[in-house]
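Shown next, in structure tokens, is the structure this report addresses.
The values are calculated or read from the model by the stated rules, or taken from the named source; none is laboratory data. Just so you know, these numbers come straight off a predicted model, no measurement behind them. Neighbour counts are summed over all protein chains in view; Cβ atoms, including those assigned to glycine, are modelled from backbone coordinates with ideal geometry.
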Amino acid sequence: MKKLLSSKSLGALIAIVLAYVIVQTLIMVGIVDDYYQILLVTICINIILAVSLNLITGFTGQFSLGHAGFMAIGAYVCGYITVTMDQQFSFLLGILAGAVAAAFVGILIGIPTLRLKGDYLAIATLGMGEIIRILILNIEAVGGASGLSIPQFANWTWVYLFTVATVVIIKNFIDSTHGRACISIREDEIASEAMGINTTRYKVTAFAIGAFFAGIAGALYSLYFYFIKPDQFGFMKSIDILVIVVLGGLGNIRGSIIASVILPSISSYLQEYPELKMVIYSLVLIVIMLLKNKGMTGFKQFIWGKIRKNQSAT
């Protein structure tokens with residue numbers, strides 16, 4: 001109770017409510033039009049995807065390239081249930097079912113593949129994501145290659161609520177003993193096993209939680225943009241999510257949120273010059289690699305280091 005009433009938690013709660021009130025007010029008065037609402041929803045969905053992937057890659061140290069596959073499962077399961085039931089609140093059941101289905105697939109795939117490490121795990125998860133996409137491509141019940149049309153049940157409010165819930169839940173998981181166990185696996189898996197930590201169980205748990213929230217992101221995507229195709233969840237989507245995570249900093253939730261705001265904003269202003277998007281991504285990755293794995297945190301430390309060096313020199 002004391003923790004919930006701390007000044008830090010209270011300040012975060014006020015900031016969350018204030019951000020929603022401001023944006024909702026701007027929407028009601030017409031300052032934030034449909035274009036900017038789409039941008040806001042895209043940012044929120046990217047936050048869910050980036051934070052959930054950061055749990056797997058940044059905090060647990062498992063290099064995954066199949067996050068778009070879990071997003072696809074959530075999108076199609078939610079879309080199919082919503083279309084089939086065709087009731088007012090069926091989309092909530094669809095979101096839950098999509099998330100659970102993605103987590104279930106994450107467990108099934110995670111148990112055998114998470115025994116791998118490094119590049120081998122990345123290749124295995126990449127193959128998993130492509131298998132999911134190809135299977136959906138050949139299932140006529142969900143539209144196959146033609147795609148699936150879904151009623152637009154989600155709006156800015158629903159997406160914002162799920163985004164906040166995702167960040168809060170994953171942040172609390174990381175701060176718990178289970179999260180500390182995941183971090184210890186990232187730092188030294190052999191030492192963690194020597195201390196009695198069941199590394200396989202915790203890696204699968206982190207993988208399942210990440211897949212669960214990726215499924216939520218996919219479900220919200222399908223409910224807001226109301227039309228989905230398998231090509232939207234290909235290899236490049238996984239790369240986009242990974243770029244956000246690396247830009248924000250591995251093991252840095254706040255960085256993932258900031259990067260989720262920056263990259264979609266850049267992309268929206270470069271729509272007339274799509275060829276520049278990958279150039280910018282490439283430059284960003286080069287800078288990040290020079291700063292190792294600290295992302296924008298490393299950039300901040302780099303700048304402050306230069307400033308202090310110049311001050312000491314003078």
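Screening LEU108 on (1) more than 17 Å from the chain's Cα centre (by Cα); (2) not in a helix (DSSP H, G or I) shows it passes everything except condition (2).
Which helices (runs of 4 or more DSSP H) sit wholly inside region 183-251 and have at least 3 residues that are buried (at least 21 other Cβ atoms within 10 Å of the Cβ)?
On the way: elements: 189-194, 199-225, 235-248.
So the answer is 199-225, 235-248.
Exactly one residue out of ILE174, ILE169, ILE183 is in contact (Cβ under 8 Å) with a residue 60 or more places away in the chain and under 30 Å from VAL23 (Cβ atoms), and it is ILE174. THR84 falls short of the stated requirement of being of a type in the set (Ser, Thr, Tyr), crowded, with 21+ Cβ neighbours inside 10 Å and in the same structural domain as VAL243 (by TED's automatic domain parsing). Selection of first residues in region 40-62 that are on the phi > 0 side of the Ramachandran plot and of second residues that are in a helix (DSSP H, G or I), restricted to Cβ pairs under 6 Å at least 6 apart or on distinct chains, gives the following pairs, ordered by first then second residue: GLY61/ARG186.
Conditions (1) within 17 Å of GLN62 (Cα to Cα); (2) of a type in the set (Ser, Thr, Tyr), marked per residue:
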site	(1), (2)
VAL164	no, no
ILE174	yes, no
THR177	no, yes
GLU193	yes, no
ALA219	no, no
LEU223	no, no
MET236	no, no
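Can you find even one residue in region 126-148 that is in contact (Cβ under 8 Å) with a residue 60 or more places away in the chain and within 17 Å of the chain's Cα centre (by Cα)? Yes, that holds for at least one residue. For region 22-36, filtering for residues that are surrounded by fewer than 16 Cβ atoms within 10 Å (Cβ to Cβ) and either part of a helix (DSSP H, G or I) or touching a helix residue (DSSP H, G or I) at 6+ places or on another chain (Cβ under 7 Å) (or both) leaves 8.
Among the residues of region 91-110, those that are under 22 Å from ALA122 (Cα atoms) and surrounded by fewer than 17 Cβ atoms within 10 Å (Cβ to Cβ) comprise PHE104, ILE107, LEU108.
Can you go through LEU53, LEU10, LEU39, LEU49 and tell me which one is under 22 Å from the mean Cα position of the chain (by Cα) and surrounded by fewer than 24 Cβ atoms within 10 Å (Cβ to Cβ)? Every option except LEU39 fails the conditions.
Selection within region 253-302: residues that are outside any helix (DSSP H, G or I) and basic (Lys, Arg). The member of this set that is modelled with the highest pLDDT is LYS294. Exactly one residue out of ALA99, ALA19, ALA72 is part of a helix (DSSP H, G or I), closer than 19 Å to PRO264 by Cα and modelled with pLDDT of 90 or more, and it is ALA19.
Can you name every residue in region 258-288 that is surrounded by 21 or more Cβ atoms within 10 Å (Cβ to Cβ) and under 30 Å from SER184 (Cβ atoms)? The answer is ALA259, SER260, ILE288.
Check LEU92, LEU126, LEU108, LEU96 and return the single one that is aliphatic (A, V, I, L, M) and over 22 Å from TYR221 (Cα atoms). It would help to see each step written out before you state the result.
Details: LEU92 fails: over 22 Å from TYR221 (Cα atoms); LEU126 fails: over 22 Å from TYR221 (Cα atoms); LEU96 fails: over 22 Å from TYR221 (Cα atoms).
Being aliphatic (A, V, I, L, M) and over 22 Å from TYR221 (Cα atoms) holds for just one of LEU92, LEU126, LEU108, LEU96, which is LEU108.
Just one of the numbered conditions (1) buried (at least 17 other Cβ atoms within 10 Å of the Cβ); (2) out of contact with any Gly (no Cβ under 8 Å at 6 or more places or on another chain); (3) assigned to a loop (DSSP other than H, G, I, E, B); (4) among the hydrophobic types (A, V, I, L, M, F, W, C) is not true of LEU65: (2).
Condition (residue is among the hydroxyl-bearing types (Ser, Thr, Tyr) and closer than 20 Å to LEU135 by Cα) applied to region 53-73: is it met by at least one residue? Working first, answer last.
We begin by selecting, within region 53-73, every residue among the hydroxyl-bearing types (Ser, Thr, Tyr); these are 57, 60, 64.
Next cut, closer than 20 Å to LEU135 by Cα only: 64.
So far as region 53-73 goes, yes, one or more of its residues are among the hydroxyl-bearing types (Ser, Thr, Tyr) and closer than 20 Å to LEU135 by Cα.
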